[in-house]
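Student: Sharing a structure with you now.
Where a number appears in this text, it was derived from the coordinates with a stated rule and is not lab data. Predicted, not measured: the structure shown is a model, and the values here were computed from it. Cβ atoms come from the backbone with ideal geometry, glycine included; neighbour counts cover every protein chain shown.
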């Protein structure tokens, strides 16, 4: 439920912390806006506050051309706590309703179609089909505004079956054909190539994300420096590269995309939002964690610290298994050998020495590979073979269940995967905000008093107050604070 008075105060002050939390539909104009819209604030009696852009779209309101709802944080501007809804939105963003109906989508989530519709009505304010339609139109608007792609390519990229339907959808939504929304040629020349904005709600510690990913970058697949993240990818038959960097003073990242097939653009953007944790309500998370004495100074020193996700849950699971009981550097070395031996090459781009050039191995390849040849023990090799074989047979194996405990239990059924690895996979690969590796050595060290470390059981009890964001607390414990922060915490 949205409090009208709170929403209106946020609207009047253009508070960026509420961007993506709600939308304002203005009955006098028929337009819906983000809370940060620079237009004159409408009267309260003319405002309807909605939980998502999809809800406004379903009610017939037109997206604002000034604040551009298509680049707001979150799919159709929704963030919530229902796990099934979160995963459904992620699948929709990757084209989960472009060809199939609600029933197959619900089956992938392990729920009934009727129950899924009820969840969407409660948390999103719109039906799954309406969310998919809103996402197509808003993403198409972003491609029209920010890229040089032709209208036929854009229609194909966002999932429209014909150019006529694409044009009809834009006339219905914006009151004009899509070509009328294209920026002036001079503006297009200033933004060459396929470059998209990925919005987020501040604060955002991009340097911390790069630092974390840099230490774990897979040689050949990922390259990370102080300014940007680059990697290769394979989605279905499409291959390519992405590069992500920050824009100082702006509440968005810039993603430069090279792909052999524009039809995977929506999936690419969804995966990047996952990887860089762009849809977290970080202000609320930080405020909650700052209540704990062990975390207060860490939050104060580095606000906006996110949980780095993963491009692909299988890739992250393999990385997690490789990291069992060894250092991060050693695990990275093994990951590089794995890619060099079993990954495929990607056609050269600019030919730069540090440009990522190999693709991560597919599950069916690793299922049959003799991984002892890269230096792994027979036990570790068998675990990776079993993991790869299981994912090859069931691509939805690495998915979140309705409850976190169910997710961890399912992951632990894979031979060689214990609670630490399962929580690590859930935390980064499955975007479970409450996943918590209680026995992690970094967590135990961070919570030690003098030379005495707590036990995992004691840590689990202490972490109850961090729920439902124990994963974010874990990242703060992993991140080394300054001496000043440690001194302040001790005092």
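Student: When 452, 43, 256, 141 are ordered from fewest to most other Cβ atoms inside 10 Å of their Cβ, what list results?
Tutor: 452, 43, 256, 141
Student: How long is the gain from residue 386 to residue 238 if the chain were fully straight, where each residue apart is worth 0.36 nm and the alpha carbon distance is subtracted?
Tutor: So the extension gain works out to 50.6 nm.
Student: Roughly what angle does helix 163-174 make with the longest principal axis of the chain, taking Cα atoms, 0 to 90 degrees, to the nearest 10?
Tutor: For 163-174 against the chain, the angle is about 70 degrees.
Student: Where does the stretch 9-134 land on Rg(C-alpha)/(2.2 N^0.38 Å)?
Tutor: That ratio works out to 1.07.
Student: Could you give the alpha-carbon Rg of the stretch 144-292 over 2.2 N^0.38 Å, rounded to two decimals?
Tutor: 1.20
Student: Also: Starting from the Cα coordinates of the stretch 367-422, work out the convex hull volume and express it per residue in Å³.
Tutor: Cα convex hull per residue, to the nearest whole number: 72 Å³.
Student: Moving to a separate point now. How high is the FRET efficiency between residue 214 and residue 341 when r is their beta carbon distance and R₀ equals 22 Å, given to the nearest 0.05?
Tutor: 0.40
Student: Take every DSSP beta bridge whose two residues both sit in the chain, then give the antiparallel share in percent to the nearest 5.
Tutor: Taking every DSSP beta bridge with both residues in the chain, the antiparallel ones total about 90 percent.
Student: Between residue 439 and residue 114, what's the calculated FRET efficiency when r is the beta-carbon distance and R0 is 35 Å? Round to 0.05.
Tutor: According to the calculation, E is roughly 0.30.
Student: Ok, one more. Would you work out the relative contact order for the stretch 195-294, in percent, from Cα pairs under 8 angstrom that are 6 or more residues apart?
Tutor: RCO, the stretch 195-294: 29 percent.
Student: Enumerate the residues in the stretch 239-268 having an amide nitrogen under 15 Å from the point lying 7 Å beyond the Cα of residue 226 toward its Cβ.
Tutor: 246
Student: Also, I was wondering about something else. Using only Cα atoms, locate the centre of the stretch 394-424 and the centre of the stretch 1-72, then give the distance between them in Å, rounded to an integer.
Tutor: After rounding, the separation between the Cα centres reads 38 Å.
Student: I need the semi-axes of the equivalent ellipsoid of the stretch 313-429: take the C-alpha gyration tensor, multiply each eigenvalue by 5, square-root it, list largest first in whole angstrom.
Tutor: 25, 16, 14
Student: Here's something else I'd like to know. Between residue 330 and residue 40, what length in nm is gained on full extension when 0.36 nm per residue of separation is reduced by their alpha carbon distance?
Tutor: Value of the extension gain: 98.8 nm.
Student: Can you compute the radius of gyration and Dmax for the stretch 378-491, using only the Cα atoms, both in Å?
Tutor: Cα-based Rg and Dmax for the stretch 378-491 come out at 16.3, 54 Å.
Student: Continuing with this model, one more query. Mind pulling the angle between the C-alpha long axis of helix 206-215 and the longest principal axis of the chain? Nearest 10 degrees, somewhere in 0 to 90.
Tutor: 40 degrees
Student: Using alpha-carbon positions, what is the distance between the centroids of the stretch 437-457 and the stretch 119-135, in Å?
Tutor: 42 Å
Student: Quick check on the exposure proxy: order 57, 288, 115 from fewest to most C-beta atoms within 10 angstrom.
Tutor: 115, 288, 57
Student: Right, next: Could you give the Stokes-Einstein D for the stretch 77-189 in µm² per second, using the C-alpha Kirkwood radius, 10 °C, 1.306 mPa s?
Tutor: My calculation gives 105 µm²/s for D.
Student: If you don't mind, another one. For residue 393 and residue 122, what is the calculated FRET efficiency with R₀ set at 30 Å and r taken between the beta-carbons, to the nearest 0.05?
Tutor: So, using R0 = 30 Å, E works out to roughly 0.30.
Student: For the Cα atoms of the chain, what angle does the longest principal axis make with the long axis of helix 113-123, in degrees from 0 to 90, nearest 10?
Tutor: Approximately 80 degrees, to the nearest 10.
Student: Which value at 222 nm does the chain reach when only helices count, each DSSP H run of 4 or more adding -39,500 (n - 2.57), with the total divided by all residues and rounded to the nearest 500 deg cm²/dmol?
Tutor: -12500 deg cm²/dmol
Student: Could you give the length gained by full extension between residue 165 and residue 447, i.e. 0.36 nm per residue of separation minus their alpha carbon distance, to one decimal place?
Tutor: Roughly 95.8 nm would be gained on extension.
Student: Right, here's the next one. What number does the chain give for Rg over Rh if you use C-alpha atoms and the Kirkwood radius?
Tutor: With Rh from the inverse mean 1/r over Cα pairs, Rg/Rh is 0.96.
Student: Moving on. Sorting 204, 23 on the 10 Å Cβ count, fewest up front, what's the list?
Tutor: The order, fewest Cβ neighbours first, is 204, 23.
Student: Over the stretch 77-189, what relative contact order in percent results from Cα pairs under 8 Å that are six or more residues apart?
Tutor: Value for the stretch 77-189: 20 percent.
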